[in-house]
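For reference, the structure is listed below as structure tokens.
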Amino acid sequence: MSHEDLLYRLYADLVRRARPEPPSENAVLNKFTAPTDTASVSDVFAAAAASPSSFVWGGGGYTPGWQWGAGQWRGAKAPIFSRASVAYLPDGTQVASGAPRFVAGQAGQALVTEEGTTNLLTANQASGGDALGNTSDFNSYYTSTLSYDSSTGFRGGSIKVVTDSGGTNPYSGVIASPNQAAPFAQGSIVSVSAWVKMPAGQTFYFGIRWGDGTNRWDGPTTGALTGTGNWQYVKVENQAAPTSGTPSGNPATHAGVQCYVPEPPAGSPVTFWIDQMQVEVKPYATSWIDGGATRAAETLSIPASVVTLPEGTVEVWTYCDNAHEVTTGARQLFFALDSTNSNNLQILWDTDGKYKAAVKSAGTRRDLVGPSTLATGWHLFALTWSATSCAFYIDGALQASGALPLPTALTQASLGCWPAASHQWDLPIDGVRISSRTRTASEIAAAASAYLNNGTPPPVDADTSYYLGFDGSMAWRSSA
């Protein structure tokens, strides 16, 4: 026997004496799922090396657990987020394709799940002149001086506007010319948005500029706004493009943006900047994407196994605003269903203009109906179900309840969208707690009070089957 063999056998014997053999061949790996884990990393590496394509790290309540696939370790219970394009945070930071976006929430951070969109403006218009480094595709509103300012911008540079003063015009400002933007179908619903830096206390207006390919004319505005001296997000939403009665007699098939101030007195021109402009065919404005580019829809799927039958609870804390309370399409906050959608559990904003929960069994859906509007801000939605009763709560208050037939099976689940990458919630989701039992009304009320009053999310307890906090990561927890 060589010295190397002897040393190895002595080492192996010492390891066995220091750490007794597990009661089963999987126990060491199972312990890796526990906070008190004492297994050696080499145990896991050895098992993975022996069969990297089929090795499962887990068991003991995490079945299946972590698995090697697509060149990375993936948790079988981990949420799966997707977006096949870049996107941007509200501060203008670009987020890589496939990476989730986190924004400020009521309790830490929140996840964005938005529908896709296309910015119809040119790249130069949308970027505030960054694409070309000049004012191409911009025009004065009445009379003003425009320039590209590389030193000041919400992101990169921006269009600098120095207004006229002391003239006979009622206003002075800037237009991102509509007829350079991509066209849309007649009668489309349009929303526009931008970031504006206006002197503190200065009255200004922001709105749509319609075009027909040749002519252009004023569209709806925000009404009078007041500058803060800092960058402000401004928008005009849910505007139908006119189909007749325009100055040219032609329907609007293009849209741009315009921003202007009442013409100031002689010798007192106003200087302001505009950046990150967007025109989209939607009833509400969504986050910015580069001009002429499309941001892909975002989806988030979770394991259906955590949505238990015949009883359970799902609580989702999220943001709501009145601009999204439009009836042009359903928006999904939570959705668990079978392979044919004959059975499901839902929390949604529906096309009849109501917040509601829905329970579908054997092809028949029954709704628990809530209000048609909520105050803009953070809210907690909850759905409980059991063999005897289902209940829908918002902010701890019971909206509706009843003894409803339950789904017989659930094979897929998603948050903030349909599994088919549509019907996005479009607003930040602060977190979710799914439980394996029907929580009581008092528990729901206590969770809502702690969240709404103190920013404290519902706790992970013995009955929690799944919890996502979205605090800068997609990490999940459970009591299992």
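The values are calculated or read from the model by the stated rules, or taken from the named source; none is laboratory data. Predicted model, so just to flag it, every value in this text is computed and none were measured. Cβ atoms come from the backbone with ideal geometry, glycine included; neighbour counts cover every protein chain shown.
Quick notes on this one:
- Qualifying residue in the stretch 180-188 (condition: in the same structural domain as residue 135 (by TED's automatic domain parsing) and assigned to a strand (DSSP E or B)): no
- Put simply, of 152, 226 the only residue that is surrounded by fewer than 22 Cβ atoms within 10 Å (Cβ to Cβ), of a type in the set (S, T, N, Q) and either in contact with a helix residue (DSSP H, G or I) (Cβ under 7 Å, 6 or more places away or on another chain) or free of Cβ contacts under 8 Å to residues at least 60 places away in the same chain (or both) is 226.
- For the stretch 254-281, a residue qualifies if it is closer than 19 Å to residue 176 by Cβ and surrounded by fewer than 21 Cβ atoms within 10 Å (Cβ to Cβ), and the qualifying residues are 271, 281.
- Of all residues in the stretch 91-109, those satisfying the criterion of being in a loop (DSSP other than H, G, I, E, B) and either buried (at least 19 other Cβ atoms within 10 Å of the Cβ) or touching a helix residue (DSSP H, G or I) at 6+ places or on another chain (Cβ under 7 Å) (or both) are 100, 101, 105, 106, 107.
- Residue within the stretch 217-229 that is under 20 Å from residue 287 (Cα atoms) and assigned by TED's automatic domain parsing to the domain that holds residue 131 present: yes
- For the stretch 401-428, a residue qualifies if it is more than 27 Å from the chain's Cα centre (by Cα) and farther than 18 Å from residue 304 by Cβ, and the qualifying residues are 401, 402, 403, 404, 405.
- Considering (1) assigned to a loop (DSSP other than H, G, I, E, B); (2) touching a residue at least 24 places away in the same chain (Cβ under 8 Å); (3) more than 23 Å from residue 366 (Cβ to Cβ); (4) out of contact with any strand residue (DSSP E or B) (no Cβ under 8 Å at 6 or more places or on another chain), the lone condition that residue 471 does not fulfil carries the number (4).
So that you can scan it fast, the table gives a plain yes or no per residue for (1) within 22 Å of residue 369 (Cα to Cα); (2) at pLDDT 95 or above:
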{"position": "412", "(1), (2)": "no, yes"}
{"position": "420", "(1), (2)": "no, no"}
{"position": "439", "(1), (2)": "yes, yes"}
{"position": "465", "(1), (2)": "no, yes"}
{"position": "468", "(1), (2)": "no, yes"}
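- Condition check for residue 395: in contact with a Lys or Arg (Cβ under 7 Å, 6 or more places away or on another chain) and either modelled with pLDDT of 95 or more or closer than 18 Å to residue 356 by Cβ (or both): no
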